[in-house]
1. For each of 31, 113, count neighbouring Cβ atoms within 10 Å of the residue's Cβ, then give the residues from fewest to most.
2. Could you check the simple spin-label distance between residue 149 and residue 61, using points 7 Å along Cα→Cβ, in nm with one decimal?
3. Stretch residue 180-residue 99 to full length: gain in nm at 0.36 nm per residue minus the Cα-Cα span?
4. Quick one: if the Förster radius is 22 Å, what FRET efficiency do residue 17 and residue 137 give, using the C-beta to C-beta distance and rounding to 0.05?
5. Label residue 106 and residue 52 with points 7 Å out from Cα along Cα→Cβ: what is the distance between them in nm?
6. For residue 36 and residue 126, what does the FRET efficiency come to when R0 = 45 Å and r is the distance between their Cβ atoms, rounded to the nearest 0.05?
């Protein structure tokens, strides 16, 4: 049985540590993450499992159409689900965005292990909205944006690395949704 927890049909949370995922460990090594950073991320991170088709989150901007049309019955927590940072630990996630000319949702990007999403506003000035959907069984690390901000202040090299990742992904979303090719 699936239960609605504000960010999708999350099946369970586990205390499993990020370093237990070999692909994540490799990413930590690439950015030069020391034991202190890994420990802080592990403490802040909650691992959640999703199944094919489960909505993980919606990243909304204050000027996006979906944000303004949000149902009044939705809780404030649901409206700001994009206030969480997500890290793909296992599996794949599909980002869906609205194509400009057709005004229909399309698959903009498929994220693999090690990819990040959900707090674009912390890394770039403006971005396009999207929905993150599980593209199969996947495990996702989730960290609140406020906690992440504190960690990034201590580790600017990580912030720079992730900023480049967010910029690259937003360029892909823009290309897929705003151009006629």
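None of the figures in this text is laboratory data; all of them are computed from the coordinates on show. From a predicted model like this one, the values you see are computed outputs, not experimental measurements. So basically every Cβ, Gly included, is an ideal-geometry build from the backbone, and we count neighbours across all protein chains shown.
1. On the way: 31 14, 113 19.
Ordered by Cβ neighbours within 10 Å, fewest first: 31, 113.
2. Reported label-point gap for residue 149 and residue 61 is 2.0 nm.
3. 28.2 nm
4. FRET efficiency, residue 17 to residue 137: 0.65.
5. Roughly 2.4 nm, to one decimal.
6. Values: r = 32 Å, r/R0 = 0.72.
Once rounded, the FRET efficiency stands at 0.90.
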